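Student: The structure that follows is given in the form of structure tokens.
The values are calculated or read from the model by the stated rules, or taken from the named source; none is laboratory data. Note that the structure is a prediction, hence the values are computed from the model and not measured. Glycine gets a Cβ as well: all are built from the backbone with ideal geometry, and neighbour counts include every protein chain shown.
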Ligand SMILES: NC(=O)c1ccc[n+]([C@@H]2O[C@H](COP(=O)([O-])OP(=O)(O)OC[C@H]3O[C@@H](n4cnc5c(N)ncnc54)[C@H](OP(=O)(O)O)[C@@H]3O)[C@@H](O)[C@H]2O)c1
């Protein structure tokens with residue numbers, strides 16, 4: 001399989017790192033020269049990555065083309081490119097709808113995918129819409145593929161995917177607090193990362209029980225976990241949390 005990437009930014013780079021850690025068989029990967037420093041770094045690290053200046057050449061030489069560009073760039077460049085009927089396209093562009101993409105590219109083999117940066121370590125959910133074998137056969141090597149029929153519902157995951165920075169801030173706040181109390185930085189950060197990793201793995205293993213049960217099971221009456229939960233609830237932490245999800249949803253559903 002020959003893959004082409006139009007746009008060599010953050011998410012393209014993460015996908016390519018993931019691919020080279022995976023068992024996916026790839027003959028060649030063509031990436032665009034923008035961003036040039038990321039493209040050069042990838043080509044230096046991986047022998048089968050080649051940088052091409054011309055986006056059309058990337059399309060012509062590849063069987064599957066990833067669109068790793070922003071919507072603004074997409075609007076400027078996609079209608080000038082030609083995608084022959086046999087090309088398969090995976091769009092990573094946040095706000096371009098499938099019908100819109102089909103029109104601009106004049107190609108029907110289009111899938112929207114929403115991977116996240118941990119794809120770099122072959123972890124994390126990858127939303128695919130609509131369900132598609134060619135996209136699944138690539139992404140199944142790089143994380144947990146979740147296929148969804150409804151494009152409208154697929155936007156809902158943009159809200160939850162936007163929790164990344166806030167999640168890391170919880171880790172940051174926890175370890176900063178430990179450091180302030182006299183714990184060595186490395187020790188504190190290892191502790192916090194291991195704690196949240198264990199909680200997430202446990203939640204995944206027990207997801208059939210429902211998260212509400214996990215919340216209940218991790219508190220003893222009048223215990224320390226209950227104290228923190230109640231303090232945060234009283235401070236409307238979770239109300240604000242849900243509101244933030246809702247506000248992202250409003251923004252991406254426009
Ligand atoms: N980051 C994520 O976690 C994530 C996850 C899922 C989906 N997405 C979506 O994926 C898309 C890319 O996101 P990103 O975070 O990777 O953005 P990014 O880091 O800004 O990457 C976009 C890349 O497009 C390049 N570019 C600009 N003009 C171009 C052109 N004419 N031809 C080819 N490439 C061009 C830019 O190069 P220059 O720097 O030289 O301008 C840049 O390297 C967005 O639509 C985003 O919503 C992102």
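Student: Determine which single condition residue 170 fails, assuming it passes every other condition in (1) within 26 Å of residue 246 (Cα to Cα); (2) at pLDDT 95 or above; (3) part of a helix (DSSP H, G or I); (4) assigned by TED's automatic domain parsing to the domain that holds residue 23.
Tutor: (4)
Student: Still on this model: Return yes when residue 59 is touching a strand residue (DSSP E or B) at 6+ places or on another chain (Cβ under 6 Å), within 15 Å of the ligand (Cβ to nearest atom) and closer than 24 Å to residue 130 by Cβ and no when it is not. Give the steps one after another, and end with the answer.
Tutor: Details: touching a strand residue (DSSP E or B) at 6+ places or on another chain (Cβ under 6 Å): yes; within 15 Å of the ligand (Cβ to nearest atom): yes; closer than 24 Å to residue 130 by Cβ: yes.
Yes: the conditions hold for residue 59.
Student: Has region 145-153 got any residue that is within 16 Å of the ligand (Cβ to nearest atom) and in contact (Cβ under 8 Å) with a residue 24 or more places away in the chain?
Tutor: Checked region 145-153: at least one residue is within 16 Å of the ligand (Cβ to nearest atom) and in contact (Cβ under 8 Å) with a residue 24 or more places away in the chain.
Student: Restricting attention to region 104-131, which residues are within 14 Å of the ligand (Cβ to nearest atom) and either in a loop (DSSP other than H, G, I, E, B) or over 25 Å from residue 79 (Cα atoms) (or both)?
Tutor: 115, 116, 117, 118, 119, 120, 121, 123, 124, 125, 126, 127
Student: So which residues in region 132-151 are assigned to a helix (DSSP H, G or I) and under 18 Å from the mean Cα position of the chain (by Cα), if there are any at all?
Tutor: Within region 132-151, the first condition is being assigned to a helix (DSSP H, G or I), and the residues that meet it are 133-139, 151.
Result: 135, 136, 137, 138, 139, 151.
Student: For region 130-155, what are the residues that are within 15 Å of residue 19 (Cα to Cα) and buried (at least 19 other Cβ atoms within 10 Å of the Cβ)?
Tutor: Listed by number, the residues that qualify are 135, 138, 139, 142, 143, 145.
Student: Search region 169-196 for residues being exposed (fewer than 12 other Cβ atoms within 10 Å of the Cβ) and over 22 Å from residue 237 (Cα atoms), and hand back the single one that is nearest to the chain's Cα centre (by Cα).
Tutor: 194
Student: Another question, if that's okay. How many residues does region 1-32 hold that are within 13 Å of the ligand (Cβ to nearest atom) and surrounded by fewer than 16 Cβ atoms within 10 Å (Cβ to Cβ)?
Tutor: So the first thing to find is which residues in region 1-32 are within 13 Å of the ligand (Cβ to nearest atom), and the list is 4-18, 30-32.
Among the residues that remain, those that are also surrounded by fewer than 16 Cβ atoms within 10 Å (Cβ to Cβ) are: 10.
Result for region 1-32: 1.
Student: Could you list, in sequence order, the residues of region 66-103 that are in a helix (DSSP H, G or I) and near the ligand (Cβ under 8 Å from one of its atoms)?
Tutor: In the first step, residues of region 66-103 are kept if they are in a helix (DSSP H, G or I); the result is 71-80, 98-103.
Within region 66-103, 71, 73, 74, 76, 77 meet the criteria.
Student: Moving to a separate point now. What's the number of the condition residue 67 fails, among (1) surrounded by fewer than 20 Cβ atoms within 10 Å (Cβ to Cβ); (2) under 16 Å from residue 13 (Cα atoms); (3) in contact with a strand residue (DSSP E or B) (Cβ under 8 Å, 6 or more places away or on another chain)?
Tutor: Here residue 67 clears every test but (1).
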